[in-house]
Each structure stands twice: as structure tokens, then as C-alpha cells.
Amino acid sequence: MSPLPEELSLVPLHQHPELLEACAELLAEEWGKSRALRLHALQRSSDAFPTCLALLRTPAPTEPTCPPSLVGHVRLSRVAGQPSSLFVESVVVARALRGRGYGRQLMEATERYARARGFCCLHLSTHDKQQFYAHLGFVPAEPVQIVPFLSPAMPAAALQAFAVPSSPTAAAPVVLAAPQPPLSPPAVPPPPPLPPPSRTGRGPAEGTGQSPQESPHRDARGLPIFWMKKDI
Ligand SMILES: CC(C)(COP(=O)(O)OP(=O)(O)OC[C@H]1O[C@@H](n2cnc3c(N)ncnc32)[C@H](O)[C@@H]1OP(=O)(O)O)[C@@H](O)C(=O)NCCC(=O)NCCS
């Protein structure tokens, strides 16, 4: 558990099975798909990644009878070929609680969680929340590939097999990260080669071809997608 100001705490879901149902509901409410499928994916959380984390609001000492309630959720996965990086996805705050600083708390607690485990960079992708992440210190970045769920029986050495990346097309078992929570590793093609730097004069970040308004990258459905990262 990570220490947080106020009465918030960030806990790994696999250590708190009592939160599984509520997390599944939170994700299903935001992104659809059945609660049962969400539940199945959440049940695969582990310390070996992907790890699902729940932001909890615990009662103030003056309200000892209130149980802790779920505020938000985030999932962390390993990044192929970048052993000191994690990929952040399925970032969500309960609808009724948005706009009160919990999203920032969720992301900052996630940074502390990752840093405490020796990671020094967070990556993510988003369709429309690039301004939110930029506000929290994320900058435009190149696309990365995440390491999907692996069998618990898979030896650590096997992870080396995912430590690709000479070329993004050469890594069959590795999937392209998506900004919404996939229920299972999606069979999405690797990112396309980066186009030449934009010449529109709207200030794309150097080398990424991205600006807060424009991205040269597209997801599997052809929608613009923004890739970002933050050194932590
Ligand atoms: C994105 C989300 C997690 C933000 O949570 P939140 O609790 O509303 O955000 P906060 O209130 O903590 O906002 C933190 C800061 O970001 C800013 N911010 C929030 N949303 C923003 C946005 N869309 N664009 C720019 N800034 C934003 C806030 O003004 C605030 O600034 P401050 O800390 O300097 O006052 C929440 O809106 C959400 O769950 N959305 C639906 C799921 C989703 O889209 N997730 C992202 C997938 S990539």
C-alpha cells in the first residue's frame, strides 16, 4: 500500500479481492463490455504485471463505521524492450467523483507505486485526455508495445523473449498498447512507421510528430491516438 495524503490509499487488486466487483463495475460503466468479462481480466492482476491498482477512500476517523469506497482504478503493464518502464492504462475515476483532484491523486500515487518498485518511466496512450496527462507532466513520446498477461508458470528468463525491439513488426507475442482497457491482449498491428515531422507550425513535440491537438498515430480503428511518457 502506498502512503497518500488525506484518507486515500492505492492498493493492488489481487490483495483486495473484495474490490473486484466494484472495479469491474467501474470499468464496465466507463468502457462497456460485460462486467463478467471485466471481472475475469481484473482477476489476473498480479505483482508480476499486469497489476491492477485501486484508489480507495477510507473513512475519516470521525466516521469509523463507513467502509472504504472505490475512487478509481489503473492498470500497469511491462513495456517490451524497456525493463525500467511501465505502461499505464485503464485510468478511471468514478463519475460522481471527477473534477475533485482524485485523478491527479490516482496518477501521482501510481508514480510512487512504480518508483518504489524500481521503475523510472511511465508510458501511456490516449485518444482524448492528452491535456490532462500533459498537465500532470507527461510529454509526447514514441509508441511502445506492452507485454500482455503471461502464464504465472512462465519463468522470468522467458520475459527476455519480449525484450525486443529491433523492429516493431518482429515481436509477434507483444501487443500494441491501447488506451482503453482490453479484455484480453488485442490482436492489433504494431504501430506504423512514424511520418516525417509536421510542418504545420503548430508546435509538435520534437521528434514525435505530435502536438496537443494532432497526432500522426492511429489506433486499430483508425482513430487518432496520442502517445506520452513521464520520467518519474
Ligand atoms: C481522466 C480522469 C481520470 C481525470 O480524473 P479527475 O478526477 O476528473 O481529474 P482531477 O480532478 O484530479 O484533475 C487533475 C488536474 O487535471 C486537470 N484536468 C482534468 N481533466 C482534464 C482534461 N480533460 N484536460 C485538461 N486538464 C484536465 C484538472 O483541472 C486538474 O488540475 P489541477 O490539479 O491543477 O487543479 C477522469 O476524468 C476519468 O475517469 N475519465 C473517464 C475515463 C478516461 O477517459 N480515462 C483516461 C483514459 S486515457
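Coordinate-derived values only; no laboratory data. These figures come from a predicted structure and were not determined experimentally. Heads up, the Cβs are rebuilt from the backbone with ideal geometry, glycines too, and the neighbour counts pull from every protein chain shown.
A compact globular protein would have a Cα radius of gyration near 2.2 N^0.38 Å; the ratio found for the range 5-122 is 1.05. The gain in end-to-end length when the GLU214 to GLU29 segment is fully stretched comes to 63.8 nm, 0.36 nm per residue minus the alpha carbon separation.
3J(HN,Hα) along the range 125-134: 9, 8, 8, 9, 10, 4, 5, 4, 5, 4 Hz, from the Karplus curve 6.51 cos²θ - 1.76 cosθ + 1.60 with θ = phi - 60°, whole Hz, x for Gly and Pro. Using a 7 Å offset from Cα along Cα-Cβ at HIS135, what residues in the range 93-116 end up with backbone N under 20 Å from the label point? Backbone N within reach: 93-112.
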